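Here's the structure we're looking at; comments come further down.
A short reminder: the numbers here are calculations on the coordinates, not readings from a lab. Quick caveat: nothing in here was measured; it's all calculated off a predicted structure. Backbone-built Cβ (ideal geometry, glycine too); neighbour counts: all protein chains shown.
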Amino acid sequence: MSDHVAASAADALARAGALVRPALAEAVARLDPELREPAEHHMAGGGKGVRAALAVIGAAASGGTEREGVLGAVAVELIHNYSLVHDDIIDNDEERRHRPTVWAAFGTGRAIVVGDALANLATQLLLEDPTPARVRAAQLLADSTSLMISGQADDMAFERRDAITAEECLKMEEGKTGALLGCASAIGGVLAEADDATIKALTSFGLRLGMAFQAVDDVLGIWGEPKKTGKPVGSDLIAHKKSLPVVIARATGGPELDRLLASELSEDDVVEASALIEATGARREVMAIADRALAEALESLESVPLVPGYAAELVAIARFVTERDR
């Protein structure tokens, strides 16, 4: 392992994906046939596999092997995808990754149960052979999932509130996005029986990376290109999401911005609202938050001795997910 040569983020993601995809497909194939079809439909949409790669490479970076992280990667991917299936219902999104969402293709009730099944399967896999490392990994996953759910609940509660602070928004995003990325980064190390300091550093790395990732995602939710994001221009504005740029902009944006954000937006309204938000400096401020969170994530990696090549791949992945389509 010590002579491992760091690859690019794309190479690392591809290598991890080749290890995890067959195991993930095998896990999903265990579902009841009524649930397997919609679950496989959802999984066929693909994705970058960032969380899976963090688990696999985190295991190797902490002194274990990539294969020791595969079970954790599968468990995290199942939780992540359960959350996506349910998020699409909550947000009434009919398309994800340029494909019909599960609820749109198979009905809301079936989609809810598919999400439940994926979440249950994640814990089931970890505890089938309840070694101390797997029990600890299951506890980490359960705690992180609880934080993710709390973040989602806060996000939904924001819809009923008019005034939200940037601090409240950041706390919500720490749970909704950061918690599971923290788990993904550390769970491979847990399964490889790394020491507590290493697990803590990897968790911190993933948590801060999650904050940076979500900040960038909030920017793309307003200014991203549909052919790259898979969503309409200004999708977060159309959905009236109180994302970080919106929260920051409303503090200084004035009554015209408030009026637009409270109304049903036409295409022209989306363009105008986007411009008004950018004029407040909110886009620039959110990207600065992303940059700070990324720097903190990288500092966490430097706080413990990791296998150099694999540590470099964690850095490459972190930069990849926070520099996408700025």
- prompt: How many nm is it between the label spots at ARG67 and ARG97, if each spot is 7 Å from the Cα in line with the beta carbon?
  reply: 2.6 nm
- request: Sticking with the crude label model, points 7 Å out along Cα→Cβ, report the distance from THR165 to SER263 in nm, one decimal please.
  value: 3.2 nm
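Please compute, over every Cα-Cα pair in segment 46-204, the percentage with a separation greater than 25 angstrom.
Percentage above 25 Å: 34.
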query: Over the C-alpha atoms of segment 145-297, what are the Rg and the largest Cα-to-Cα span, Dmax, in Å?
result: 16.8, 56
field: Inter-probe distance in nm under a simple model that places probes 7 Å from Cα toward Cβ, at GLN124 and GLU34
entry: 1.4 nm
statement: Dividing the helical contributions, -39500 (n - 2.57) per DSSP H run of n ≥ 4, by the residues of the chain yields a 222 nm value, nearest 500 deg cm²/dmol, of -23500 deg cm²/dmol
statement: Which of (i) 0.99; (ii) 1.22; (iii) 1.17 gives Cα Rg over 2.2 N^0.38 Å as computed here? It is (i)
task: Work out, in µm²/s and without decimals, the Stokes-Einstein translational diffusion coefficient of segment 96-146 at 4 °C, 1.567 mPa s, Rh from Kirkwood over C-alpha pairs.
output: 103 µm²/s
- prompt: Taking the chain, how many lysine pairs are there with alpha carbons less than 19 Å apart, if each pair must be eight or more places apart or span two chains?
  reply: 10
